[in-house]
Amino acid sequence: MKICVLPGDGIGPEITAEAVRVIQALDLKFELEEALLGGAAVDVTGDPYPEATRKLAREADAVLLGAVGGPKWDNLPREQRPERGLLGIRKDLGLFANLRPAILYPELANASTLKPEVVSGLDILIVRELTGDIYFGQPRGIENRNGERYGFNTMHYTESEIRRIGRVAFDAARKRNKRLCSVDKMNVLETTQLWRDVMIELAPEYPDVELTHMLVDNAAMQLVRAPKQFDVMVTGNMFGDILSDEASMLTGSIGMLPSASLDANNKGLYEPSHGSAPDIAGKGVANPLATILSAAMMLRYTFNNEAAAARVETAVKKVLAQGYRTGDIYEAGTTKVGTKQMGDAVLAAL
Ligand code: IPM
Ligand code: MG
């Protein structure tokens, strides 16, 4: 069982180090190998997704990623930017299904900017399509036309792309509370009219799942108005990017949320939903829990080891119950700890 570890940029190396310690403590027969992605890779090779990384990632059963990006690389040509490395590995490995759970741990109810009664008990799963849509559409670019600059991108989906992510979402809903809300913008965009049509066509295969539809602007509003109405949400790449950041804040901190990006055979890339947080990088204060919880998702989805996944998740719940908090989730009366101390606490709880 091979895991490719990509620490990446910013806080990436600090948080992946803690997740790696947790994985190693489980004493399962994992072989871990590290490689470069993002700005760290650009600095060394000039390429945000270099050949050596591609090779390791393709050979591995799973990839654990920290985060990529930072101001240092923002002015590079687009194909050298760290984000390109992330989009490149997602596309290269065919990771079309992005699962982003948003769970509110009872201990963190006060960390949310929403009223506790609105978010307590929250448990949503956002299923985001990850290798299509306007993110990868051609043609794209910035050109000079008629004497002025002209920027353009292409939103597109094939029905097979929609069907395969739809199936992932229906299957996920089946294992949860059997409610699936598909999010689109069919009142304006043809691509998402097709999205809705295909979801409706799939529904008869899943008679036990209740399918509803919501326009993305309304979904953004409902997520802060009454988020507990949702069980599983499924949407395209760009809407999913936006809604998953929004959903993450319902739980108090984006520092708590893991994610899994899966191919058709459950090979996966696991990363926290948050970014590289360059402002706090290298200070030892970042919250490693989202990355540790991403490792738990890896155990569950790629290695089919529910017991080990649950063990890690239980350890995380325990350290929260014990009152350990990194700065992002700190409140008076709890114990403020740094990245490594949080890792130590999870190891002790394991
Ligand atoms: C995410 C990120 C990425 C995305 C960026 C870094 C390219 O925001 O994983 O949500 O837009 O997919
Ligand atoms: Mg995002």
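Here is the figure for the range 214-237: residues that are open to solvent by 60 Å² or more (accessible area, probe 1.4 Å) and not aliphatic (A, V, I, L, M) total 4. On the stretch given as the range 143-169, residues that are in contact with a helix residue (DSSP H, G or I) (Cβ under 9 Å, 6 or more places away or on another chain), among the hydrophobic types (A, V, I, L, M, F, W, C) and touching a residue at least 60 places away in the same chain (Cβ under 8 Å) total 2. Report yes if some residue within the range 232-244 is over 16 Å from Glu129 (Cα atoms), at pLDDT below 95 and within 16 Å of ligand 2 (Cβ to nearest atom); otherwise report no. No, the range 232-244 has no match at all. Once the range 238-251 is narrowed to residues that are open to solvent by 40 Å² or more (accessible area, probe 1.4 Å) and under 11 Å from the mean Cα position of the chain (by Cα), the residue that is farthest from ligand 1 (Cβ to nearest atom) is Asp245.
Scanning the range 301-313 for residues that are farther than 22 Å from Met342 by Cα and surrounded by 19 or more Cβ atoms within 10 Å (Cβ to Cβ) yields Tyr301, Thr302. Checked against (1) within 14 Å of ligand 1 (Cβ to nearest atom); (2) free of Cβ contacts under 8 Å to residues at least 12 places away in the same chain, Asn75 passes all but a single condition, namely (1). Evaluated against (1) within 16 Å of ligand 1 (Cβ to nearest atom); (2) at pLDDT 95 or above; (3) open to solvent by 10 Å² or more (accessible area, probe 1.4 Å), Leu64 falls short on exactly one condition, (3). Of all the numbered requirements in (1) open to solvent by 60 Å² or more (accessible area, probe 1.4 Å); (2) charged (D, E, K, R); (3) modelled with pLDDT of 95 or more, Lys115 misses one, and that requirement is (3).
Specify the residue that is most open to solvent (accessible area, probe 1.4 Å); the eligible residues are those in the range 179-188 that are within 25 Å of Ser248 (Cβ to Cβ) and not β-branched (Val, Ile, Thr). Here the answer is Arg179. Can you name every residue in the range 252-272 that is within 16 Å of ligand 2 (Cβ to nearest atom) and either surrounded by 24 or more Cβ atoms within 10 Å (Cβ to Cβ) or among the basic types (Lys, Arg) (or both)? Answer for the range 252-272, where residues must be within 16 Å of ligand 2 (Cβ to nearest atom) and either surrounded by 24 or more Cβ atoms within 10 Å (Cβ to Cβ) or among the basic types (Lys, Arg) (or both): Gly255, Met256, Leu257, Pro258, Ser259, Ser261, Leu269, Tyr270, Glu271, Pro272.
Residues in the range 1-31 that are assigned to a helix (DSSP H, G or I) and more than 20 Å from Ala52 (Cα to Cα): 11 in all. The test for being within 15 Å of ligand 2 (Cβ to nearest atom) and surrounded by fewer than 23 Cβ atoms within 10 Å (Cβ to Cβ) does not hold for Ile280.
Could you say whether any residue in the range 5-21 is charged (D, E, K, R) and within 16 Å of ligand 2 (Cβ to nearest atom)? Yes, some residue in the range 5-21 is charged (D, E, K, R) and within 16 Å of ligand 2 (Cβ to nearest atom).
Could you check, for the range 36-51, whether at least one of its residues is more than 15 Å from ligand 1 (Cβ to nearest atom), modelled with pLDDT of 95 or more, more than 20 Å from the chain's Cα centre (by Cα) and hydrophobic (A, V, I, L, M, F, W, C)? Checked against the condition, which is being more than 15 Å from ligand 1 (Cβ to nearest atom), modelled with pLDDT of 95 or more, more than 20 Å from the chain's Cα centre (by Cα) and hydrophobic (A, V, I, L, M, F, W, C), the range 36-51 yields at least one hit. The set of residues from the range 191-213 being open to solvent by 30 Å² or more (accessible area, probe 1.4 Å), more than 25 Å from Thr154 (Cβ to Cβ) and in a helix (DSSP H, G or I) comprises Pro204, Glu205.
The values are calculated or read from the model by the stated rules, or taken from the named source; none is laboratory data. Please read all numbers here as calculations on a predicted model, not as lab measurements. So basically every Cβ, Gly included, is an ideal-geometry build from the backbone, and we count neighbours across all protein chains shown. Calculation scope for accessible area: heavy atoms of the full protein, side chains included, ligands and nucleic acids excluded. Shrake-Rupley method; radii C 1.70, N 1.55, O 1.52, S 1.80 Å.
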